[in-house]
1. Between ARG107 and VAL128, 0.36 nm times their residue separation minus their Cα-Cα distance comes to what?
2. Once phi is turned into θ = phi - 60°, what whole-Hz ³J(HN,Hα) does the Karplus curve with 6.51, -1.76 and 1.60 give for every residue of region 51-62, x standing for Gly and Pro?
3. Farthest toward the dipole's positive end in region 2-138, which of THR36, ALA71, PRO95, given Cβ charges of +1 (Lys, Arg) and -1 (Asp, Glu) about the Cα centre?
4. Could you give me the ³J(HN,Hα) list for region 113-122, computed from phi with Karplus coefficients 6.51, -1.76, 1.60 and θ = phi - 60°, whole Hz, x at Gly and Pro?
5. For the pair GLU67 and GLN35, how long in nm is the line joining their label points, each one 7 Å along Cα→Cβ?
Amino acid sequence: MKRLILGVLFSGVAALAQGQVEVKAAWVRGTVQGQTSSGAFMELKSTEGATVVGVEASVAAIVEMHEMKMAGNVMKMRAVSRIDLPAGKTVELKPGGYHVMLMGLKRTLKKGDIVPMKLRIEGKDKRVKTLEIRAEVRDLTAAGAH
């Protein structure tokens with residue numbers, strides 16, 4: 001059983017409530033000495049429909065969900081309080097779209113490090129559950145390739 005749990009964690013896949021929400025390919029962009037923020041990215045899929053209502057990561061003083069999108073000819077980023085996960089559809093948190101901002105970093109994030117995170121997921125029943133994930137730190141120049 002312990003091997004199965006470790007296998008799921010290290011394969012980059014985590015699931016909540018008998019498969020209600022699945023997380024794949026979770027990663028964090030690496031940083032250089034003195035850099036105080038970074039982004040976290042992943043693929044989320046809910047079988048029944050759910051909403052991400054918060055994220056925690058002990059590596060940062062502030063953790064927020066953000067959305068980037070074009071407004072005219074300008075790329076704008078804003079904090080969002082919720083990210084909807086429509087039933088059966090994969091929602092990508094990726095550079096240039098929805099993502100998690102890690103601000104006030106407590107240490108440099110080096111390629112190969114693991115960043116534990118907790119997603120707060122609100123189900124259709126309005127109950128909020130916590131999904132613990134482990135995101136691998138990728139190279140500073142990573143753009144999302146798996």
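Only the coordinates and a few stated rules stand behind these numbers; no lab work does. Every value quoted in this text rests on a predicted model; they were computed, and no experiment measured them. Methodologically, a virtual Cβ is constructed for each residue, glycine included, from the backbone with ideal geometry; neighbour enumeration extends over all protein chains shown.
1. Numbers: separation 21, 0.36 × 21 = 7.56 nm, distance 2.97 nm.
Here the answer is 4.6 nm.
2. 9, 7, 10, x, 9, 10, 7, 5, 6, 10, 6, 10
3. THR36
4. Working through the residues one at a time gives 5, 10, 10, x, 9, 10, 9, 9, 10, 9 Hz.
5. Between GLU67 and GLN35, the label points sit 2.6 nm apart.
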